Each structure stands twice: as C-alpha cells, then as structure tokens.
Amino acid sequence: MSSHHIVRENQEPALFIANPDCLADDYLNQLLEWSPTIITLSEHYDLLKSREIKVDVVVDNQGLDTKEIEEDLVLIPYSQDYFVPLFKYLDEKKNHAVNILTDRVNIVDYEPYLEEFVIILLNADRKSLLLKKYEKWLPKGYSLIIENYRGNVEDLKNLNHLDINRYEVASDGFISILEQDNYLLISEEL
C-alpha cells in the first residue's frame, strides 16, 4: 500500500480549534497530517499562525481587519454564540463531520446539530463522542465516561460501574450500548 494519500475536499472531518491549548501537540499534529479544513476563533488566529498552522476559516467576533489577514482566509462574523455560524458554514460546504478541540464538553451545546453532524470533542486526555449507540473492542481496565445514559447499568455488558459516570472495561473484548432514544456523551482515553 502506498504511503501517499489523496484527500478530497471535505473527505476528512473539519478541525475546529476552539481552544488551541487543550490538546497535546503530538495529537494535534496527527490531526493536521490529514489536511482538514481548519477553523478557529478570531482570538486564536495569531497564535495558530505563529505556530505555522494554516487556518482556512476564522469565526470572528473581534472585527478582524481583512487587510491584515491571509488572502484566501474565510471570515465568518458572529456576535453571541459561535456554534450557529460554525455549523451553518460546515453545512454549506457539505462537511458533516468535525473534530473540535475544546474544554467545553457539554452535550447541550451540540444537541441541535447531532442529527446532521458527526461531532468528536477532543481535549487533554479524552476523546468524546456524541452518539445514540456504541460498540467497540476495548482492553481490560480501559476507562470510559458515559454521560446521559438513562438505561439500567446492568445492561452495560463487560463494564464495571465505578461511580456516577465512570466505567472500566471488565475484560478484553467488545462493549456495547444498545440504541438509545437520546444522545450519549462517551469519553474515551486518548
């Protein structure tokens, strides 16, 4: 197999950097290798530029001067919450998957967009998925945080319940959470 990859536009999830300091550089570099569309907030644009990260889109609430930015950079203004313009832009570009670097891991913020978008939240030590069902092979001792689960804990096979939302894989193998009516926030170790 060739090590050369041809990545078509919007084939890879977009990368929205809401907080550039919440993920270790080695993980960030792994995401950047796939040449995603990179979106950030205006307050992080200069920092990312100084780190030689090519930003494609800035969601701007600071009135950036268009004369001082790169020629092909897209500016999207917003005044209150950046989620509406962010997801509107992604929808217009037909890119319905996004990785978000953020410490804002609250399912309520993302719920309005979950029917149309695959959203993965990344921060210091966790990758958080927003889904209605979950199945994955995991090693014994692996830690999961499962929020918004409304079923019986006994129905969660191969998981030991540690406390409120924390679980540990009981033995090497598959764990699964059957289809739920609501979205779950499942946080995996990085």
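Probe of 1.4 angstrom, ligands and nucleic acids ignored: what's the accessible area per residue over the chain, in square angstrom?
58
Looking at the chain as a GNM with Cα springs under 10 Å, which of Asn160, Asn61, Asn152 has the largest mean-square fluctuation?
In the Gaussian network model the winner is Asn152.
For the stretch 78-159, what class follows from the C-alpha gyration tensor (a ≥ b ≥ c being the square roots of its eigenvalues): rounded when a/c is under 1.5, otherwise prolate if a/b is larger than b/c, else oblate?
Verdict is prolate for the stretch 78-159.
Let me confirm the definition first: pairs of Lys residues in the chain, 8 or more apart or on different chains, C-alpha distance under 20 Å. How many are there?
So the count works out to 9.
Residue separation times 0.36 nm, minus the C-alpha to C-alpha distance between Val118 and Lys132: what's the value?
The span from Val118 to Lys132 would gain 3.9 nm if fully extended.
Would you mind calculating the gained length between Leu75 and Arg166 on full extension (0.36 nm times residue separation, minus the Cα-Cα distance), in nm to one decimal?
Here the segment from Leu75 to Arg166 would lengthen by 28.8 nm.
Using a Gaussian network for the chain with springs between C-alpha atoms less than 10 Å apart, which of these wobbles most: Leu48, Leu15, Leu131?
Leu48
Could you tell me what percent of the accessible area of the chain is made up of carbon and sulfur, with a 1.4 Å probe and every protein chain present?
47
Calculate one ³J(HN,Hα) per residue across the stretch 155-172 by plugging θ = phi - 60° into the Karplus curve 6.51 cos²θ - 1.76 cosθ + 1.60, and present them in order as whole Hz with x for glycine and proline.
Karplus values, whole Hz, x for Gly and Pro: 6, 8, 6, 6, 10, 9, 7, 8, 7, 2, 10, 9, 9, 10, 5, 6, 8, 3.
At 222 nm, what value in deg cm²/dmol follows for the chain if DSSP H runs of at least 4 each add -39500 (n - 2.57) and the sum is divided by all its residues, to the nearest 500?
Roughly -4500 deg cm²/dmol at 222 nm, from the helical runs in the chain.
Per residue of the stretch 175-185, what does 6.51 cos²θ - 1.76 cosθ + 1.60 with θ = phi - 60° give for ³J(HN,Hα)? Whole Hz please, x for Gly and Pro, Karplus curve as stated.
With coefficients 6.51, -1.76 and 1.60, one gets 10, 8, 10, 5, 3, 10, 6, 10, 7, 9, 10 Hz.
Quick check: Cα centre of the stretch 47-65 to Cα centre of the stretch 117-157, how many Å?
32
Would you kindly give the portion of the calculated P(r) for the stretch 37-129 that falls above 17 Å, as a percent of all Cα pairs?
Percentage above 17 Å: 53.
Based on the Kirkwood radius over alpha-carbon pairs, what is the Stokes-Einstein translational diffusion coefficient of the chain at 20 °C with 1.002 mPa s viscosity, in µm²/s?
Here the translational diffusion coefficient equals 118 µm²/s.
Hey, what do the phi angles of the stretch 37-53 turn into as Karplus ³J(HN,Hα) couplings, whole Hz, using 6.51/-1.76/1.60 and θ = phi - 60°, x for Gly and Pro?
5, 9, 10, 8, 8, 4, 5, 9, 4, 5, 4, 5, 4, 5, 8, 6, 9
The values are calculated or read from the model by the stated rules, or taken from the named source; none is laboratory data. Remember, predicted model here, so these are calculated numbers, not experimental data. Only protein heavy atoms, including side chains, enter the accessible area calculation; ligands, DNA and RNA are left aside. Shrake-Rupley method; radii C 1.70, N 1.55, O 1.52, S 1.80 Å.
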